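So the structure is just underneath, and the comments pick up after that.
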Amino acid sequence: MSKTMKDRQFRPVAVPDVELGGFWGKWQDAVCQSTAETLLDRCVEAGMVRAIDVSQPSPGIVIPIQPWGGTTQMFWDSDLGKSIETIAYSLYRRPNPDLEARADRIIDMYEKLQDKDGYLNAWFQRVQPDHRWKNLRDHHELYCAGHLIEAAVAYYQATGKRKLLDIMCRFADYMITVFGHGEGQIPGYCGHEEIELALVKLARVTGEKKYLDLSKFFIDERGTEPHFFTEEARRDGRDPANFIQKTYEYGQAHQPVREQKKVVGHAVRAMYLYSGMADIATEYKDDSLTAALEALWDDLTTKQMYITGGIGPAASNEGFTDYYDLPNDTAYAETCASVGLVFWASRMLGRGPDRRYADVMEQALYNGALPGLAIDGKAFFYDNPLESAGKHHRWKWHHCPCCPPNIARLVTSIGSYMYAVAEDEVAVHLYGESTARMKLADGTRVELRQMTNYPWEGAVAFTAKPERPARFALSLRIPEWAKGASLSVNGARLDLSASVIDGYARIEREWADGDRIELDLPLELRPQYANPKVRQDAGRVALMRGPLVYCVEATDNGEDLNAIVLPRNLPAAGTTVLEDLNGAVAIDLAVEREDAQNWGKPLYRDEPAGRRPHKARFVPYHLWDNRAPGEMLVWMQVDR
């Protein structure tokens, strides 16, 4: 990409400026009807609201201190923050005065809880005030602040109410005095990254560069020597080596960020860090950060990512292990980690449209993050295996309930990931029935309406409605998988080979009200094979159609799913619309099945099992476990 192209700065369209219908509209309705209120109810049941209510006695330690020196109760502010953020987005789509009033009361409690200097954290104000700023490595103070900042920005954008935004601006202003290299300041950063990307959101909504500068400080300091976490532990009288993970790789603090080349440690922390880095790279046009991020991106997507866009195979560190270590039945692949990958990919698009980021954003969104939410909006996955013996199901809540509000806030804000705007260019990263309102640098307001039944069908039509004729570029992603894609403007077909830059068809012209763009993305069923170094997928194949990974479930195919064998050359597939799964398109395929009934009693024998013809039904992976419980499988045997 030329320097001129890279110097562009694309910023996401604000959530309230995109209205969703179709596929994502249904998911947003589920959140509006069920999830937003469910999240708040369960936060109340857990004691989170009482914990910030200064009119009641402090609840003390509700969840015991764990061997790592803290408790998930320390994270309660983050759970409330993400829940308020979800509520904010849901209110824009579907006004709910009762739910808004409940959120307002919580915000009032935070206003009363806040110290005069601006500090705000329920745990360190009401349970362990003597531990404030003592253990940034483990105790999540800045992480919690970050999620409350994001909630404040969302609530302000969706409702126009500034109270929480003003509260968090006061806290951020206080942080500016606390952190730095001046006398009496803390030269540190949070063990669990999040504040970095939140401060960028705060800067963008307030126009205050000082918040960008603080975010950049946290990023620049991370991993430098003398190591802050080591010095902090010594000052606090702790043994720097005596912590549960034993390595600063866990929080990506083992090296300065610009020197990091391998994705390591806790998956969610890594994604939040890289998201913040990408934002700062965009805002400061920092090529050194971009170069580091590009190396990390390649490391993740070519050696450490599931076909679903799931990341972090291990439960032990909720994160990364070795290259090509991608077990299916024990895959951790935390919902929050895929949500974080969507965040990171979106921000990598800040310096210009590039298919390698947007394709993975879509892959992780549909297949890595979305499974975390049931279609009724009331149950959740924390971890997302690619194979199940029938015992893995969504749950109502969790002792560390980070994933439910994370997937809910992503679903309700998805419009801001679909569209981005630069001075004289509009980029469309994701496809879905929607209407977006944008403003170009010269002040021209543009409405772009997208009409499609994507991802079930590949036809996408746009109608442009600028308030006056205006010259700008419209860039549309052509997914790598969309072989034979076609594009036309007002009925005139465009030569994609001449207009595609970094995987986007860039159409620069003067646009007038009513101009129509038609894009066709063929949704062919395609087999996917893993790199031979991924030992767990040897001799197996997965199926994708468009952006969706498919799987088989026992409810359609009976038990013993590993007995299903796909032919090397796929036969013609039939499709069926499943109304009980949000109108999803299922795939029906003629396959074979190993016949265990005639095997007999031996555990082993010198002849393989015979096979019989079978008709297998495949459903989108993100919808599994929404019907009768049972086995599930993504990677199938393939006939060699």
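The values are calculated or read from the model by the stated rules, or taken from the named source; none is laboratory data. Fair warning: this is a prediction, and the values are worked out from it, not measured in the lab. Heads up, the Cβs are rebuilt from the backbone with ideal geometry, glycines too, and the neighbour counts pull from every protein chain shown.
Within segment 425-443, the residues that satisfy the criterion of being assigned to a strand (DSSP E or B) and within 18 Å of residue 508 (Cα to Cα) are 425, 426, 427, 428, 438, 439. In segment 408-426 there is no residue matching the filter, namely being closer than 27 Å to residue 553 by Cβ and either without any contact (Cβ under 8 Å) to a residue 12 or more places away in the chain or of a type in the set (D, E, K, R) (or both). Within the option set 612, 627, being of a type in the set (Lys, Arg), closer than 25 Å to residue 538 by Cβ and at pLDDT below 95 holds for one residue only, 612. Scanning segment 225-256 for residues that are in contact with a Lys or Arg (Cβ under 6 Å, 6 or more places away or on another chain) and among the acidic types (Asp, Glu) gives a single hit, 236. Can you name the residue in segment 570-587 that is free of Cβ contacts under 8 Å to residues at least 40 places away in the same chain, touching a strand residue (DSSP E or B) at 6+ places or on another chain (Cβ under 9 Å) and not in a strand (DSSP E or B) and is also farthest from residue 27 (Cα to Cα) among such residues? Across segment 570-587, the extreme among qualifying residues is 571. Every listed requirement among (1) in the same structural domain as residue 192 (by TED's automatic domain parsing); (2) buried (at least 16 other Cβ atoms within 10 Å of the Cβ); (3) under 30 Å from residue 427 (Cβ atoms) is met by residue 49 save one, (3). With respect to (1) under 28 Å from the mean Cα position of the chain (by Cα); (2) at pLDDT 95 or above, the lone exception for residue 245 is condition (2). Applying a threshold of 7 Å to beta carbon distances and a minimum spacing of six or more residues, or different chains, the list of pairs starting in segment 23-40 at a residue that is under 30 Å from residue 459 (Cα atoms) and in contact (Cβ under 8 Å) with a residue 12 or more places away in the chain and ending at one that is part of a helix (DSSP H, G or I) and not polar (S, T, N, Q) reads 27/411; 28/93; 28/411; 31/408; 31/411; 32/93.
Would you tally the residues in segment 272-289 being surrounded by fewer than 21 Cβ atoms within 10 Å (Cβ to Cβ) and at pLDDT below 95? Spell out the reasoning first.
Filtering segment 272-289 down to residues surrounded by fewer than 21 Cβ atoms within 10 Å (Cβ to Cβ) leaves 283-288.
Those left that are additionally at pLDDT below 95: 283-287.
Of the residues in segment 272-289, 5 are surrounded by fewer than 21 Cβ atoms within 10 Å (Cβ to Cβ) and at pLDDT below 95.
What about residue 119, is it hydroxyl-bearing (Ser, Thr, Tyr) and surrounded by fewer than 23 Cβ atoms within 10 Å (Cβ to Cβ)? It is true that residue 119 is hydroxyl-bearing (Ser, Thr, Tyr) and surrounded by fewer than 23 Cβ atoms within 10 Å (Cβ to Cβ). Scanning segment 498-556 for residues that are touching a Gly at 6+ places or on another chain (Cβ under 9 Å), among the polar types (S, T, N, Q) and in the same structural domain as residue 471 (by TED's automatic domain parsing) yields a total of 0. Within segment 588-640, the set of residues being among the β-branched types (Val, Ile, Thr) and either part of a strand (DSSP E or B) or surrounded by fewer than 14 Cβ atoms within 10 Å (Cβ to Cβ) (or both) comprises 591, 619, 638. The set of residues in segment 294-316 that are among the polar types (S, T, N, Q) and part of a helix (DSSP H, G or I) comprises 301, 302. None of 518, 510, 467, 559 is acidic (Asp, Glu) and out of contact with any strand residue (DSSP E or B) (no Cβ under 6 Å at 6 or more places or on another chain) except 559. The number of residues in segment 9-24 being surrounded by fewer than 21 Cβ atoms within 10 Å (Cβ to Cβ) and more than 18 Å from the chain's Cα centre (by Cα) comes to 6. Residues in segment 444-477 that are outside any strand (DSSP E or B) and buried (at least 20 other Cβ atoms within 10 Å of the Cβ): 454, 455, 458. Inclusion of residue 117 among residues that are in contact with a helix residue (DSSP H, G or I) (Cβ under 7 Å, 6 or more places away or on another chain), assigned by TED's automatic domain parsing to the domain that holds residue 48, at pLDDT 95 or above and of a type outside the set (Lys, Arg) is warranted.
Can you pull out the residues in segment 508-536 that are under 27 Å from residue 625 (Cβ atoms) and either under 25 Å from the mean Cα position of the chain (by Cα) or part of a strand (DSSP E or B) (or both)? Answer for segment 508-536, where residues must be under 27 Å from residue 625 (Cβ atoms) and either under 25 Å from the mean Cα position of the chain (by Cα) or part of a strand (DSSP E or B) (or both): 523, 525, 526, 527, 528, 529, 530, 534. Of all residues in segment 588-630, those satisfying the criterion of being free of Cβ contacts under 8 Å to residues at least 60 places away in the same chain and of a type in the set (Phe, Trp, Tyr) are 599, 604.
Restricting attention to segment 491-538, the residues that are buried (at least 16 other Cβ atoms within 10 Å of the Cβ) and at positive phi add up to 2. Do the conditions hold for residue 423, that is, is it modelled with pLDDT under 95, among the charged types (D, E, K, R) and either within 27 Å of residue 294 (Cβ to Cβ) or surrounded by fewer than 19 Cβ atoms within 10 Å (Cβ to Cβ) (or both)? So residue 423 passes the test.
The set of residues in segment 244-298 being farther than 20 Å from residue 229 by Cβ and either of a type in the set (D, E, K, R) or in contact with a Ser or Thr (Cβ under 7 Å, 6 or more places away or on another chain) (or both) consists of 261, 279, 280, 281, 283, 285, 286, 287, 294, 298. Could we say that residue 505 is over 29 Å from residue 625 (Cα atoms), touching a Pro at 6+ places or on another chain (Cβ under 7 Å) and either assigned to a loop (DSSP other than H, G, I, E, B) or in contact (Cβ under 8 Å) with a residue 12 or more places away in the chain (or both) here? Here the answer is no, as residue 505 does not meet what is asked. Consider segment 326-345 and keep the residues that are modelled with pLDDT of 95 or more, in a helix (DSSP H, G or I) and not small (Gly, Ala, Ser). The one that is surrounded by the fewest Cβ atoms within 10 Å (Cβ to Cβ) is 343.
Somewhere in segment 395-411, is a residue surrounded by fewer than 24 Cβ atoms within 10 Å (Cβ to Cβ), under 29 Å from residue 19 (Cβ atoms) and touching a helix residue (DSSP H, G or I) at 6+ places or on another chain (Cβ under 8 Å)? Looking through segment 395-411, at least one residue is surrounded by fewer than 24 Cβ atoms within 10 Å (Cβ to Cβ), under 29 Å from residue 19 (Cβ atoms) and touching a helix residue (DSSP H, G or I) at 6+ places or on another chain (Cβ under 8 Å). Looking across segment 216-258, just one residue is over 24 Å from residue 70 (Cβ atoms) and hydroxyl-bearing (Ser, Thr, Tyr), and that is 224.
Of everything in segment 87-107, what is of a type in the set (A, V, I, L, M) and not in a helix (DSSP H, G or I)? Give them in sequence order. Talk me through it step by step, then tell me what you get.
As a first pass, look at segment 87-107 and keep what is of a type in the set (A, V, I, L, M): 87-88, 91, 99, 101, 103, 106-107.
None; the set is empty.
Is it the case that some residue within segment 49-64 is part of a helix (DSSP H, G or I), farther than 22 Å from residue 159 by Cβ and not hydroxyl-bearing (Ser, Thr, Tyr)? Yes, because at least one residue in segment 49-64 is part of a helix (DSSP H, G or I), farther than 22 Å from residue 159 by Cβ and not hydroxyl-bearing (Ser, Thr, Tyr).
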